[in-house]
1. Can you give the net charge of the other residues whose Cβ lies under 11 Å from the Cβ of residue C:101, counting K and R as +1 and D and E as -1?
2. Determine, for each peptide in B:82-91, B:267-276, the mean count of other beta carbons within 10 angstrom over its residues, then list the peptides with the highest first.
3. Please quote Rg/Rh for the stretch B:287-355 to two decimal places, taking the Kirkwood radius as Rh and restricting both calculations to Cα atoms.
4. In a solvent-free Debye calculation with one equal scatterer on each Cα, what is log10 I(q)/I(0) for the stretch B:35-278 at q = 0.11 Å⁻¹, listed in the order of the q values?
5. Please compute the Kirkwood hydrodynamic radius over the stretch A:27-213, one decimal place, Å, based on all pairs of different Cα atoms.
6. Considering every residue in A:168-177, what mean count of other chain Cβ atoms within 10 Å of its Cβ is obtained?
7. Where the Cα atoms of the stretch C:192-262 are projected onto their three principal axes, how long is each span, largest first, in whole Å?
8. Nearest 20 debye, what's the magnitude of the dipole of the stretch B:146-293 about its Cα centre given +1 on Lys and Arg Cβ and -1 on Asp and Glu Cβ?
Amino acid sequence: MRRLFSLALLCSLAGAAPAVAQTDLSGWWARQSQNDNGYASEPVDLIGIPVNADGRAKALSYNIASLSATERQCQMYPPWYILYGPFPLQIIAEQDPVTQKLMAYRITGWGDRGEQMVWMDGRPRPSPNAPHTHGGFSTGTWEGTSLKVVTTHFKMGDMKRHRAFSSDRATMTYTLTRHDDIITVTGILDDPVYLAEPFVLTEIFQRSNDTNGFPLTPCEPIEELPMLHENPALVPHYLPGKNPFINEMTQKRGIPLEAVLGGPETIYPEYRKKLKDTYKAPAKCVDSCGGPPAPRGGGPGQGGQGAAPPAGRGGPPPAGRGAPPPQ
Amino acid sequence: MRRPTTSWKTTATAGAALLALLSGAVGWPDGAAAQQQAARGGADADGLDVQKLRDDVYLIAGAGSNIVAQVGPIGVILVDSGTTEAAPGVLAAIRRLTGLPVRYIINTSMDRDHVGGNDLLTASGLSILPGAVVAGAGLSDSLVSNAGKASVLAHENVQTRMSEATGAAAYPFALWPTKTFAFHAYSMYLNGEGYQVVHQPAAHTDGDVIVALRRSDVIATGDLIDTTRFPMIDVARGGSLQGLLDALNRLMDMTIYNLPIQWNDDRTLLVPGHGRVYDKLDLLEYRDAITVVRDRVADLIKEGKNLQQVKAANPALGYRSEYGTDRGEWTTDKFVETIFAELSKKPGPAAARVN
Amino acid sequence: MRARTLFAIALVAAVVPLQAQRAGGPPAGPPRTVAPIDLTGYWVSIVSMDWRWRMVTPAKGDYAGVPMNAASKTVADAWDPAKDEAAGEQCKSYGAPAIMSVPGRLHITWQDDSTLKIETDAGQQTRLLQFGPVPPVKPPRSWQGMSAAQWQMSAPGLPLMLRPQERAADVPPPAAVRGGTLKVTTTNLRDGYLRKNGVPYSAEAVLTEYYDLTKQGNDTLLTVTTIVDDPTYLRTRRLIAYPFKKEANGDKWDPTPCSARW
């Protein structure tokens, strides 16, 4: 008898029939960041990015001193930053005051950039000739249980902070799917200028009540390296073949240079056959190794929360705070 | 960059924006028509795309080149006039904006795709000049008032080049400017707007001007910026790489970016000769691309490379997809060849890079 | 006794239609028939994230990204692939909590109307995702454990507050796209590795996954959100989502055995 009753209970718990998926995305969501999307240590790092020849060349010519141009100082924060930045999300549903239907989702809560309005009312995109903005223009549609957002008309920016760049012709598509207390974001960046094929990243956000963890301070450019302001025609860049950091990841982690320089071939399983002959793991990890935090009152810790370091930490010093690297 | 200690909440701004939308203060085009226009990439039935940039300033794209139209109390001021073939469509587009006549055209260079509409558009317009001459002065009213047609301003070199062209390259007289200036700038207040017309010597050509609409903070750049290809340096008509870079650096000085808060969209708008509307970051990218290509060619020349070797080294790599083209009269290769030729004559400026 | 038996039977009989009523979605039927999304086919890993921990065997001690605790680090620091090979445990890093991170291909089919089968070419693993009641007798622990699957459907009508506002009367609203998610809960595991360099999970770990589809142009993407709960070795849940791209066929299917080193 007890067994029969237990069986009944198990039936109800086992989900013999489908359940209803949640779709309400409103609220505060904290980034989990247990992947390396935001990781940025070695200056030349295109691993996992399907760049084309132009994208690779642009990345290798990049000199971080160029950020001393005030107009560039916030270029790291295009819409794609939602996938690789450290900040959380606040999602607000904007209702039509009369019909109560959904006009837009306002996605905010990102430090360093403003909110993104995701228009749900089917309005057409701006003209191809219209000026672009940092946040671009976004429309949203429900696809089953997911909100699909398509963003165009955004400005050039970083697709990996200080390492790889997206153009003003990119289109970003991302889906937000809620699963209980988390949202999975799948992002697809399509850039005919710098990518050989779409760049796909995912990130997970968890429901949070801790609104104190949501910095809303904007990116405010300031003057940094004096010489660019004394001679505004200067353009910091590395000549082809002269980037001094190109071998750093290989030296530190044994990853072959070809893989460090990215490309579509390097993101599929077949590439492991090539790597097997060319990759030699270092004897042990020496930098950005993660692991549990040090015990209280003990010695130096081995990493923060075990998560990948936030974007920018351990990267090259900001322009002006040390001599620029030699050519 | 510095982060202020106090947060900058955008709720009030966002709420006001939402209210503006709901109240119709921001113009939403009609549903079906907008969908159809969107499907055509923004173009109307004439293949033109009219974009409102400011309250009274419009971009007319698709006329062979970009046209800026400023609508004010006395009528319409145009920067450039597109091609001859597109002129009727341009006129129709203007009529949809206002019934007032065209009063003045400012040409940014002598390129045919920028001056081709001068005849039709001036003839459809009205001179700003009184056209009443004192009896006995020896001048006809018609001469003074440009026969009642709207005026055309350009740098003197434009008229010189037009008048020198012969044969198949000849320009019909009706396309010539009716007013020229020979020196640095010619500025005027017209139609409620301040027009700062600044000559940029030896850039795309030797007759280029930048036209800054001061009150509206819109700058028409002509082909100093061309988003569809690397900027054309017309050496035969007095253009040069260094002059072009000087022009872009001057534009940098004249342009205000949306600082300090970059999601606030108030900023100078730049209307290039072809392609979408730019702002200062777009201009910076563009200028940097040209400078980097120049630096690479200069470095290869220093290594003793000849033209074929320079082209084989692909100095435009990293920028070819964004700015270059391999079709038409002005390809990426031609751009590199022109840079090579100029730099081979004399060295580029020292310390052009920070490394 | 009889009354209680009758009550229990009635309860069992009522559970299924009650579930359906609560869902408000399509009536309960064979999971294969009511599937809101089609997961079948061949899928290839897109290794754009965590490349240095997935495409290659990372260095010993490279633990970044995993919320390890001290016990976990002790185990990981002692990682020795030769010992795993000697013990016949080359598949330790191919268990269910880690298999989606291994670069390779998935082949998803219906084994029967209530069982989805996922085969992997990397490590030649097979997972059976069972819809319906949990078997009363558990099988022995295994690398792939026991997986209970459930469809999560989109409701037939969105709540009013989430229905998009129409802008213009003459523009028809876009057609609603039917959709849903597959939720899978896996237990009964053998202890294994979250990463090939010995970052462990215990036999008590619970794996929860969500399988979602996204269409992008001509491509269909599968995102597998994986959540590993393991108080033995993790300070917090391990949360990561892996993307896959659908392939037209199995031409690139390349079965390779487990390896403790590569």
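Here, each number is a calculation from the coordinates, and none is a lab measurement. On a predicted model such as this, the values are computed, not experimentally measured, just so you know. FYI the Cβ positions are ideal-geometry reconstructions off the backbone, even for glycines, and counts take in every protein chain you see.
1. +3
2. Per-residue mean Cβ counts within 10 Å order the peptides as B:267-276, B:82-91.
3. 0.95
4. At q = 0.11 Å⁻¹ the computed log10 ratios are -0.55.
5. 17.2 Å
6. 3
7. 43, 27, 16
8. 340 debye
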